[in-house]
Amino acid sequence: MTRKLSAILISSLLIFALLAGTAFSMKESDKARNLNVVPVNQAPLVKQAGAEEYVAPTKGVNQSLGFDQSASLSPGRKVGSSTYDYQHNGRMNRQVDWRGNQWVHFVWMKQISIVLGQNRRTGYEAWDPVQGLFAQEGQSDSGGCDIHAIANNISGYEGIDVTPGGKAVLTNHHSETGSSDDYAGTVWYDYGVGTCFFGAYRSRIPDSTMHYFPAGSGVNYMIWPNIEYHVNGTDTVTHMLAQQGNTAGGSSSILGYFRRVGSAAAGVWDYPPVTVDTINDIAYVLTASRTSRKVAMVWLAPYPYGIPGGSESGTRGGNQRVNDVYYRMSSNMGAPGSWVPSTGGTNVTQFDSSQSGWLAHSDISALMDTNDKLHIIWNAREYSPSGGGTWVHFYGSRLFHWDDGTSTVRVIKDANWALPDQTCTGGAWNEMSIVKMQISECDGKFYALFVQFNDIFHGITDDCHYTAFTAANQSGTANGELYISVSDNDGFNWDIARNLTNSYTPRCDTVGNTGGHIECDADQWPSMSRFGMDTLGSGADFTGIPVIDPSASYTGTKYLDVFYVNDKYPGGAVQDAGVWTMNPMKWFRVPCVNPVPNPVLSWSPSAIDDPAWTKPNVQKDTTIRLENIGNAVMNLSTVTAVKLTGTAVNWLNLGSVPTTISHLTPNYATMHVYLGGAGVTGPTAYDGIIIFNGDFVGSPDTMNVHIIVADTVQFVKWAKIRTTSKAIWFNNAGNVGRGGDLIDGWNGMAFFNDCDTAGNVSGSNDNAKTYLYDASPFVLRAFGATDTSFFNYIWDEDWLSANGMRPLYDATVDSLTHSDYQYGVTGRFLTRDSAIAMECEYFAPTSADSSDFIIQKIKYYNRTGATINGVFLGEAMDWDVPSDSGVEDGSGFDAARKMMYVFGGEYGADTGTNSTWNDCVLANQRYGALAYYGGYRKVGTNMADSIGSTKCMFTGTNQNWQRLTGNFPPQALYTKLAGLSGYEAWQSTVPSMEDSLYQDLNMVTCYGQYNIATTDTLVFMKIFSTVYNSGLTGLQASIDKAKQWMLNRPAIFGYPPKPLTCCVVAGDADNNGSVNILDVSKIINWKYKGAAAPVCQSQADADGNGAVNILDVSRIINWKYKGGIPAVCGHID
């Protein structure tokens, strides 16, 4: 699910919020996809320095790029085609290479159908440089030849190396039965040069060797292979890394090293294989020396939690996006006992979660150069430890380089930007701005090839499929461009990356032809030959092969080969991000040009913004690291601080600033920004910018500054409430479910004793361990004909987003005061514009026979000085009831019970690995629901009207609603709620197709559309309930029991409530006409020391929840001595 962040703007209404208390929040969620600053996973729209295009020289050695950046069709000669655009999930294998002679070899995952996996196979082609043509042209549909039979065979995720004699060595995972249970990493050796005769020397990992590793769930196979063909003297080794592909519930899997010793015909696999690590991503490569016996394995794995810099990677089963870079080296062709270190790996990045830094996700490339030095490049996201850990720009990234000669991490390219609201992303496994990189060597220089989506720093935000704008379908619709960066000092400095493909096709639509361009050119999944080829005097014929010269003036004879997918509908069709199209596999050559020297300025943090704050009259000192990530000395002429607000107040000052920053060592300097200080009072917030001028590319450039001045700032706090069978997280800003997070155990109304969530031998796992993934109250307002705001805290929204919620107090749970239920309360929280406040109370019965439900009571308050008209109020939910298809469910409603529900998708009985699990629960017996109980409006302390029913409830697909923008589109939701009454359950449009019967569903409950006066309080009560083995009848029984439970407690759930009580002065527990510390003592002495009860208990019930306890003590203290919310009258007497 895509995370979204709009620009953070502090309005006068927010200042009003600060007067009552300042609130910020964090949300963890990793269900699918996210957008911009998100808690490790949310940040302001700021521009950071860096440039790739339109560069003019400024002085000295700085030169123009010399390359025409005008739009063009994607270049290259067509080698073949495939509808299967998704050549690799994570890292790219090499899919083009040469060696020994000047034949150029290609391999790709080929499919011509538009059905996932149908006749998927391995295509091979070779360029014959003597004849000047493709050796296999015309031998197979869609180009090249097929290396194996089509019938009863399936293969994919290929890679290539070449023997010193010029013969291709291919790898894939292959099944000769047509069943995925028969997959194995396989090596295919060509009989001759370019002959496509691979069958004779095919060698798959033996089953006994694969089964050395413990089975994940059932049949154990090792797939997604990466190989190196290594020859030294008379010794030949085929090295392979492969990953366990059959783990339960998508959990972490074993990465294994396999070694085949000997020739194509007589080689033997070593036993046992080497356990490398347990990983969460498909991100690993091998690289072997072409001059010695050295070989290295390189991979990504979770950083060592709690052990910064440790050699062993960390806890498994965690976030796929929190990885360090590791390697092991062998100086003896991978022979047993030769790997250093012998276990674990050398940690290159040594991430420390207490410090700001960068974390890798799924892409990596490595090369053992001609001097036997190991080079690694990878992309990574910026991490901040603030708020418990956040991605500063979720879709931004940097491309990094490290080598074992300098052991220094350096920046190749900075694309660490935040996305505007209206743009697109690369989709699953291609989330970041830079992906799918490869490193190569040629003519003593190094070349980094990569895909980049858009160029936010230069205003290119619309190189997307048109649906990114017409349907706001951001994820997977970005058209990639291929860029290359060059280093002439062993990877220590890199020049400004240059666009090779220049296929800018904004708002394109290959299928419907309704966009701005008829044909999409999404350049993706590239690979590059390991080393450059010198064609001088060779007589090799490459006539007709396009040469893309980044310098526009190359006169040499050395070239690298680039092979890529020219995707005609951006996004992976296999990931449902695009549609199935026939896509050319293209090849062009890149001359081994020299780098262009230019300094490039970058800084961190990228901005000073929420939640930066300081107390009145206290100065905050923030250190800014200025970094020259270019390849020439940088001169700064001026650095200027400009106050945009608070211009008469001395709140923004700079310390001394550097004038020169080297591109060598060190390539950075620091400066100090001083915020607030003597005479700067609050509560308030200030905005400013810092302007950098110099000879760097993109000068002048600006850094955003925002600071809050207040006595205190309230961050998001989480609490968990539970019954005897289930639990759920909630926070003090309205979120329920915490994005399905399983921190500290179970969550999301899932069952502690559920017997069948994973581990099936046959049938699909019901492998989601949460029912209610995410939920939040919402406020939906129209500010004009075209301006609608949807305030909430579900999915993308949180404390930093423009439509999020801000807490004012901590969330608390009381499990001691009440014998019959746990009680939780959020404290008040605000819409982002501070106009409307809310407070949620939760009631979780402690009796085992009432454990299937948790009750929520929510109150809405008008915080402005005037009536707010036409406001929709309700609850938005994302249900993920465990299903045979993961999180895809059906839905329905029960109008008599005021209930909307979802249920699991069942495709057939399952068989568990434990005999007691066999068929214990069919997924369609699992249900989750929201049932409305009742509500009312209070004017002051008097009940004005009751609200017996909701306006409407409906279910819809996340594909149609959430996936569009990362949340419900405000205007579309407003129109929907305005026109809907009653209940509407999502139904398949093609019920004859089983897969269409169940979808990833959301649910919306709308209490109604209200005019909220300044003295109004709107109160609504509802029930969350789940059952896992009793179906609809069990759910109905649970809702009936919950309503009876509420009826039995009229003091809390009275509907309508009692309008009259003895209360005259709220909080006056000792009944002396005033509220002070004596009332606190009265309550404590009565409740905890056996003293007399108050004359009027409703006056002691300061929070008005129908009971007197320690929470009322806190309410009075916060009100009288900390500026908190005043006490209210209870309804006990």
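The values are calculated or read from the model by the stated rules, or taken from the named source; none is laboratory data. It should be emphasised that the depicted structure is a prediction, and the values quoted were computed from it without experimental measurement. Cβ placement follows ideal geometry from the backbone for every residue including glycine, while neighbour counts extend to all protein chains displayed.
In table form, for the structure just shown:
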| item | result |
| --- | --- |
| Hits in the stretch 1014-1031 - residues which are more than 22 Å from G1054 (Cβ to Cβ) and either out of contact with any helix residue (DSSP H, G or I) (no Cβ under 9 Å at 6 or more places or on another chain) or crowded, with 24+ Cβ neighbours inside 10 Å (or both) | T1014, T1026, V1027, Y1028 |
| Wholly enclosed strands (runs of 3 or more DSSP E) of the stretch 793-893 bearing at least 2 residues farther than 27 Å from T975 by Cα and of a type in the set (F, W, Y) | 821-825, 836-845 |
| Residue list for the stretch 1105-1127, filter: of a type outside the set (V, I, T) and more than 18 Å from D810 (Cα to Cα) | G1106, A1107 |
| Selection count where residues are surrounded by fewer than 20 Cβ atoms within 10 Å (Cβ to Cβ) and modelled with pLDDT of 95 or more, scope the stretch 150-193 | 7 |
| Number of the exception - A1127 against (1) crowded, with 22+ Cβ neighbours inside 10 Å; (2) touching a Gly at 6+ places or on another chain (Cβ under 8 Å); (3) not in a loop (DSSP other than H, G, I, E, B) | (3) |
| Residues of the stretch 134-149 satisfying the condition of being assigned to a loop (DSSP other than H, G, I, E, B) and modelled with pLDDT of 90 or more | A135, Q136, G143, G144, I147, H148, A149 |
| Wholly within the stretch 254-327, strands (runs of 3 or more DSSP E) carrying at least 1 residues that are surrounded by 24 or more Cβ atoms within 10 Å (Cβ to Cβ) and at pLDDT below 95 | 274-279, 295-302 |
| Residues being closer than 24 Å to Q438 by Cβ and either outside any strand (DSSP E or B) or not small (G, A, S) (or both) - total across the stretch 338-366 | 11 |
| Strands (runs of 3 or more DSSP E) wholly inside the stretch 595-665 that include at least 3 residues being under 32 Å from the mean Cα position of the chain (by Cα) | 601-604, 619-628 |
| Residues (surrounded by 22 or more Cβ atoms within 10 Å (Cβ to Cβ) and part of a loop (DSSP other than H, G, I, E, B)) located in the stretch 99-111 | R99, Q111 |
| Count - residues of the stretch 136-158 that are farther than 17 Å from Y189 by Cα and more than 39 Å from the chain's Cα centre (by Cα) | 4 |
| Matching residues, the stretch 704-723, being at pLDDT 85 or above and hydroxyl-bearing (S, T, Y) | T723 |
| All positions within the stretch 741-770 that are buried (at least 24 other Cβ atoms within 10 Å of the Cβ) and at pLDDT 70 or above | N747, G748, M749, A750, T770 |
| Count of residues meeting criterion [assigned to a loop (DSSP other than H, G, I, E, B), aliphatic (A, V, I, L, M) and closer than 16 Å to G123 by Cβ] in the stretch 150-184 | 1 |
| Unmet requirement for G199, which otherwise passes all of (1) under 24 Å from F588 (Cβ atoms); (2) of a type outside the set (A, V, I, L, M); (3) touching a Phe, Trp or Tyr at 6+ places or on another chain (Cβ under 9 Å); (4) at pLDDT below 90 | (1) |
| Residue count for the stretch 1105-1116, restricted to those that are in contact with a Lys or Arg (Cβ under 9 Å, 6 or more places away or on another chain) and assigned to a loop (DSSP other than H, G, I, E, B) | 4 |
| Residue check for V697: within 34 Å of the chain's Cα centre (by Cα), assigned to a loop (DSSP other than H, G, I, E, B), over 30 Å from P597 (Cα atoms) and hydrophobic (A, V, I, L, M, F, W, C) | no |
| Subset of the stretch 411-434 that is among the acidic types (D, E) and touching a strand residue (DSSP E or B) at 6+ places or on another chain (Cβ under 9 Å) - its residue that is nearest to D363 (Cα to Cα) | E431 |
| Hits in the stretch 1046-1063 (condition: modelled with pLDDT of 90 or more and among the basic types (K, R)) | R1049 |
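Condition check ((1) part of a helix (DSSP H, G or I); (2) within 28 Å of E906 (Cβ to Cβ); (3) modelled with pLDDT of 90 or more) across all residues:
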residue	(1), (2), (3)
Q971	yes, no, no
K976	yes, no, yes
S996	yes, yes, no
T1005	no, yes, yes
V1019	no, no, yes
G1034	yes, yes, yes
Q1044	yes, no, yes
